[in-house]
1. Under the √(5λ) rule applied to the eigenvalues of the Cα gyration tensor, what semi-axes describe the equivalent ellipsoid of region 112-247? Give them in Å, descending.
2. Which order results if V144, V545, V455, V553 are arranged by neighbouring Cβ count within 10 Å, fewest first?
3. Round to a whole angstrom and tell me the spacing of the C-alpha centers of region 542-586 and region 350-411.
4. Which Rg and Dmax, in Å, describe the Cα atoms of region 286-443?
5. About the Cα centre of the chain, how large is the charge dipole given +1 on each Lys and Arg Cβ and -1 on each Asp and Glu Cβ? Please answer in debye to the nearest 20.
6. For each of K299, K113, count neighbouring Cβ atoms within 10 Å of the residue's Cβ, then give the residues from fewest to most.
7. Give me the angle, in degrees from 0 to 90, between the Cα long axis of helix 566-581 and the longest principal axis of the Cα atoms of the chain, rounded to the nearest 10.
8. Between S551 and E204, what is the FRET efficiency for a Förster distance of 60 Å, r being their Cβ-Cβ separation, to the nearest 0.05?
Amino acid sequence: MRIDRTKNKKLNHWVEEVAAMTVPDQIYWCDGSKDEYERMIKLMVDDGLAIPLNSKKLPGSYLFRSDPSDVARLENRTYIASRSKDDAGPTNNWINPEELKIIMKGLYKGCMKGRTMYVIPFSMGPIGSAISKIGIEITDSPYVVVNMHIMTRVGSKVLDVLGEDGEFVPCLHSVGKPLAPGKKDNGIWPCAPIEEKYISHFPEEHAIWSYGSGYGGNALLGKKCLALRIASVIAREEGWLAEHMLILGITNPKGEKKYIAGAFPSACGKTNLAMLVPTIPGWKVECVGDDIAWMKFGKDGRLYAINPEAGFFGVAPGTSLQSNPNAMKTIDRNTIYTNVAITGDGDVWWEGIGYKAPGKLIDWTGKEWEEGKTDKPAAHANARFTAPARQCPGIDPAWEDPSGVPISAFLFGGRRPGTIPLVHQSFNWNHGVFLGSIVGSEVTAAALDLAAGTVRRDPFAMLPFCGYHMGDYFKHWIEIGKKTSADKLPKIFYVNWFRKTADGKWLWPGYGENSRVLKWVFERCNNEGGVAETPIGYMPTVEAVERAGLSGVSDSDMKELLAVDREGWQKEIVLVKEHYAKFGSRLPRELTDELAALEKRLA
Ligand code: OXD
Ligand code: MN
């Protein structure tokens, strides 16, 4: 098959090569148009894969139900296939790239028979921005096409920017389910058995091969695979940062605005924080992105961030008008729902939506479901919405600014019932890198293969997303701190909304009330705000966290939230030493120095 579709020879050649291997019935080049989106949706409605939702309540929205074996990112089927095992490091699965390619080529052989091969040119970040990157995803899944339309910028304009010899990240994807002649999916989510699923990254080639899963980050290859795993490799080569961070803009009552980026492990309320509605009067928070930040130094020596994505792929369960009103308003139209429950009148429902299930539902597996009649949830715990970012009522006016937004502060956080206080600030950059390196959280549903409830160390919230040795990644962060003067670097904070009392009650109300902590962070960026120097870092005095209008948090709760739990930290140090031991000689000296200094301060 000869492909002369673009001016880019490398792209034409790659498409030809993949078509010869996968043997699709036809090849279709995506143009990113609304018409194309609608045609794809119709195709899937006709094939029983997409269910149109109530057009009055949720105009332009559809429900998909995936296979029960294909409901989440699969960390144990995700590989970093660097040439040397050492370069992938102790936190990644590794296979020799040559061996992996032999296995995967065997699987790809003829895998698109009976299907259309879609070629999706997409830009991560505003098309043409100096921070953006181009990817081309080849997939046999129209579900992937429509999701990529929302999550990235797809279309012919991308090919114009690519030109004759522009660089792109090749992202190859197949659901791994060829169709016999004349057969269709007939409402059955196509995917391969678990042992045939591979989500593979070739860091030296900047290439991605995914096979067998049609779900989320395994299949929408712009997101975790390109924008984090491969981009983290490129960012290290080129001297910038590709991070698992939300970006928000916060404005004080005087109209002064700052941008904050924050890394939190999966299922710690990142989307809620990114779209927060402040409870303190006069303050405003606007959302630039809820999951990923790419940051480069501007001419003024500050770090500028873009959100490489164009949509939100958020977890539905737990999202309500109380927990995230902006998300609820974002997803009331033109939204793709996956694995939520559907009501009798074609509306969606999930656990934690804020009201009781209205009568009988059909659950995410397609079976009848009634409140109280079963222990099984109606929506899968990792059920998702895919919605355009521009629909968010709190979207920041600069969210698509090709130069990015200047970052004043980084937040790190996780779900930690004890030890870690509500907020503390690092003494300096390296101490902040130390804080990022020790992030940990209780795990929940986004990772299929881990028991819920255990705490896992998730440095910089990048454990499943760093495309190379985590010790080298820490070093990269240390090096970034040397590229500009200290006053231009973002200040670094560690927050913990998830403190509990000994009898298991929340100490802090969270959600919109987190604006009280953001206010202190904002003030610290101006070297203001009541502050105490403690062995673990700078902390607010009890009075420095605004509590006017906040009920249920007493002075003694506040003292507990802002205490330095010496015993807890001493235990933490033992655990951090175990965690650090994994990185061997690639752990930067600066971090062992920080650990030793902390130990000394706590003694
Ligand atoms: C996500 C994740 O889906 O971090 O964003 O798991
Ligand atoms: Mn994420």
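Rule-based calculations on the coordinates, nothing more; no lab input. All values reported here derive from a predicted model rather than from experimental measurement. Positions of Cβ are backbone-derived with ideal geometry, glycine not excepted, and every protein chain shown enters the neighbour counts.
1. 27, 17, 13
2. Ascending number of Cβ neighbours within 10 Å: V455, V553, V545, V144.
3. Region 542-586 and region 350-411 have Cα centres separated by 30 Å.
4. For region 286-443, the Cα-based Rg and Dmax read 19.5, 62 Å.
5. 100 debye
6. Fewest-to-most Cβ neighbours within 10 Å comes out as K299, K113.
7. Taking the Cα atoms of the chain, the angle to 566-581 is about 40 degrees.
8. For R0 = 60 Å, the calculated efficiency reads 0.60.
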